[in-house]
Amino acid sequence: MSKNERSSIFLPENIEEILIGILLSDGHLQQRSVSSNARLILNQSGKANKRPYFELVYNIFKFCCTNNFEYYVRTWKDNKTNQEYSSISFATMQLPCFTKIYSLWYLNKIKRVPLNIKYLLTPLALAH
């Protein structure tokens, strides 16, 4: 995807609200270098089956992923407890729309809650 095509991708208001909620929970934004754009990464792991919610979020942000992208599923067994665990994750493309939000949430690559969080918390954000 060209730079112009990436620049033309915008997050609709409802999806930006969902992103705020995800950033308060299991999601994070990653900017690999100062000159690159940020991307969304969501990773969930544990014993409980979190896949339905994860797939809902993945489907919401799928338009920000490369074509034919499939999320990652990893399963492992804890030899001490003999329990099986799994993790699922996805990462979007690096896009300017995420960089804008990254600048609100991160200082020196450290995630922090923005000072204007009370204006960002909507019912949709809180639902995620």
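The values are calculated or read from the model by the stated rules, or taken from the named source; none is laboratory data. Just so it is clear, the model here is predicted, and its values are computed rather than measured. As a convention, Cβ positions derive from the backbone with ideal geometry for all residues, glycine included, and neighbour counts pool all protein chains shown. Remember, those area values only see protein heavy atoms, side chains included, never the ligands or the DNA or RNA. Shrake-Rupley method; radii C 1.70, N 1.55, O 1.52, S 1.80 Å.
Descriptive notes on the structure:
- In the chain, taking the dipole from charged Cβ atoms about the Cα centre, the farthest positive-side position among S2, I15, Q31 is held by Q31.
- Of W76, L40, M93, farthest towards positive along the dipole that unit charges on Lys, Arg, Asp, Glu beta carbons give the chain: W76
- Ratio of Rg to Rh over segment 1-63 (Cα coordinates, Kirkwood Rh, two decimals): 1.00
- Average accessible surface area per residue within the chain, 1.4 Å rolling probe, Å²: 64 Å²
- Cα-derived Rg over Rh, computed across the chain with Rh taken as Kirkwood radius: 1.00
- Contour excess over end-to-end distance, with Cα ends at T99 and S33 and 0.36 nm allotted per residue: 22.6 nm
- Built from the Cα atoms of segment 40-92, the convex hull projects on average onto 3.7 nm², one quarter of its surface area.
- Dipole in debye (nearest 20) - segment 7-128, about Cα centre, beta carbon charges: Lys, Arg +1; Asp, Glu -1: 400 debye
- Relative contact order of segment 44-108, taken over Cα pairs closer than 8 Å and 6 or more residues apart, is 36 percent.
- Per atom type, the chain shows carbon and sulfur on 52% of its accessible surface, probed at 1.4 Å.
- Structural descriptor for the chain: relative contact order 35 percent, calculated from alpha carbon pairs under 8 angstrom and at least 6 residues apart.
- Derived scalar couplings ³J(HN,Hα) [segment 61-74; Karplus, 6.51 cos²θ - 1.76 cosθ + 1.60; whole Hz; x for Gly, Pro]: 9, 4, 5, 9, 9, 5, 4, 6, 5, 10, 6, 9, 10, 10
- Sum of -39500 (n - 2.57) over DSSP H runs of 4+, divided by residues of the chain (222 nm, nearest 500): -9500 deg cm²/dmol
- In percent, rounded to a whole number, the relative contact order of segment 10-51 is 26, using alpha-carbon pairs under 8 Å and six or more apart.
- Residue among L56, L42, L23 with the largest mean-square fluctuation in a Gaussian network model of the chain, springs linking Cα atoms under 10 Å: L56
- In loop segments of segment 46-96 as defined by DSSP, the GluC sites (Glu not before Pro) with at most 16 further C-beta atoms inside 10 Å of their C-beta are E70.
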